[in-house]
1. May I ask you to verify whether H69 is surrounded by fewer than 24 Cβ atoms within 10 Å (Cβ to Cβ) and either farther than 20 Å from W17 by Cβ or small (G, A, S) (or both)?
2. Out of the residues in region 221-280 that are small (G, A, S) and crowded, with 16+ Cβ neighbours inside 10 Å, state the one that is nearest to the chain's Cα centre (by Cα).
3. Which pairs turn up if I take residues in region 1-27 that are in contact (Cβ under 8 Å) with a residue 24 or more places away in the chain and look for partners that are exposed (fewer than 14 other Cβ atoms within 10 Å of the Cβ) and assigned to a loop (DSSP other than H, G, I, E, B) with beta carbon separation below 6 Å, at least 6 apart in sequence or on another chain?
4. Quick check on my filter: what residues within region 205-252 are out of contact with any strand residue (DSSP E or B) (no Cβ under 8 Å at 6 or more places or on another chain), over 27 Å from R111 (Cβ atoms) and of a type outside the set (S, T, N, Q)?
5. I'm trying to understand the selection: among the residues of region 99-141, which are surrounded by fewer than 24 Cβ atoms within 10 Å (Cβ to Cβ), within 14 Å of the chain's Cα centre (by Cα) and among the hydrophobic types (A, V, I, L, M, F, W, C)?
6. Quick check: anything in region 159-166 in a loop (DSSP other than H, G, I, E, B) and within 23 Å of C21 (Cα to Cα)?
7. Residue by residue through region 116-158, note down the ones that are in a loop (DSSP other than H, G, I, E, B) and closer than 30 Å to L44 by Cβ.
Amino acid sequence: MPETAVIDYKSEVKPTWCPGCGDFGVLRAVYEAFEAKGYETKDLVLVSGIGCSSRIPYFVNSYGFHGVHGRVLPLATGIKLANPRLHVVGMGGDGDGFSIGAGHMPHAIRRNPDITYIIMDNNIYGLTKGQTSPTSAFQFVTKSTPYGNIEDPINPMAFAIVYGATFVAKGFSGKARELTELFIKAIDHKGFSFVDVLSPCPTFNKVDTFKYYAEHLSPVPADHAVKDRVKALELAYRTDRHYVGVYYEEDKLTMEERVKAVQQKVPASTGLEELMARFV
């Protein structure tokens, strides 16, 4: 495998986010995680939906698919199934992932494809200039909720844990080294890995800021039982702090392994015409 450097993963397209956006930290961590893995750019595919964060494929020198709103996971799953040798990373925001795209996550999780899904969670719709998102807090004031949000927010960590994701973690874009290490762990995991990244929006969210998170963050407790789903769920529901690190991890057959097992059951002599005659 040839040696790689961060610059190898930078495309000619410069990021267009607002100054101070947390997504810059996520992008840097992605570069550094790929460098640590030594991936060749021809073996990488980044898939995204719609939103500020979903522009990331333009900024990475790799194959990329900028899809429609909320369709990151079906696209990423299809790409991985078509060519299991590729390293597939889905990227998006809390609006894309937990609003229109929320229905895809349970099914991607139960299939357990060997892909990584990174959410840049800023608790706001940034691309459309500041509306309440699925992770915005109750009574949060935005352009779409001038008298306060009447809905409770989605809990991304509990969402992923309950549906059975085999790797669930939370990161913070303000901690670059720790976030890079978390991305490496997620990529190394065999199966569906989910990372929710607290990524502040300095333009439209003046509440969940870098300063706020710096004062309310703690690492996942050292004695946390990462193989215990119930303990992981308990941690996800704690409200005293924002805990960053790995919440849950388990080994399980991947979608690709299950497909291969089925393929091995098909007789080698079976031709396309015979299969068509049997099933059509």
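The values are calculated or read from the model by the stated rules, or taken from the named source; none is laboratory data. These numbers were taken from a predicted model, which means no experiment stands behind them. So basically every Cβ, Gly included, is an ideal-geometry build from the backbone, and we count neighbours across all protein chains shown.
1. So H69 does not fit the description; no.
2. So the first thing to find is which residues in region 221-280 are small (G, A, S), and the list is 222, 225, 232, 236, 245, 261, 268-269, 271, 277.
Then keep just the ones that are crowded, with 16+ Cβ neighbours inside 10 Å; that gives 232, 236, 245.
Values: A232: 18, A236: 17, G245: 14 Å.
Of everything passing the filter in region 221-280, G245 is nearest to the chain's Cα centre (by Cα).
3. Once the first residue is in contact (Cβ under 8 Å) with a residue 24 or more places away in the chain and sits in region 1-27, its partners that are exposed (fewer than 14 other Cβ atoms within 10 Å of the Cβ) and assigned to a loop (DSSP other than H, G, I, E, B) give M1/G38; T4/G38.
4. K206, V207, F210, K211, Y212, A214, E215, A222, D223, R238, D240
5. Residues satisfying the conditions are A102, M105, A108, I109.
6. no
7. Listed by number, the residues that qualify are N122, N123, I124, G126, L127, T128, S133, P134, T135, I154.
Results for (1) among the charged types (D, E, K, R); (2) touching a Phe, Trp or Tyr at 6+ places or on another chain (Cβ under 6 Å); (3) without any contact (Cβ under 8 Å) to a residue 40 or more places away in the chain; (4) farther than 24 Å from V72 by Cα, shown as yes or no for each residue.
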{"site": "F194", "(1), (2), (3), (4)": "no, yes, no, no"}
{"site": "N205", "(1), (2), (3), (4)": "no, no, no, yes"}
{"site": "T209", "(1), (2), (3), (4)": "no, no, yes, yes"}
{"site": "K227", "(1), (2), (3), (4)": "yes, no, yes, yes"}
{"site": "E250", "(1), (2), (3), (4)": "yes, no, no, no"}
{"site": "M255", "(1), (2), (3), (4)": "no, no, no, no"}
{"site": "A268", "(1), (2), (3), (4)": "no, no, yes, yes"}
{"site": "G271", "(1), (2), (3), (4)": "no, no, yes, yes"}
{"site": "M276", "(1), (2), (3), (4)": "no, no, yes, yes"}
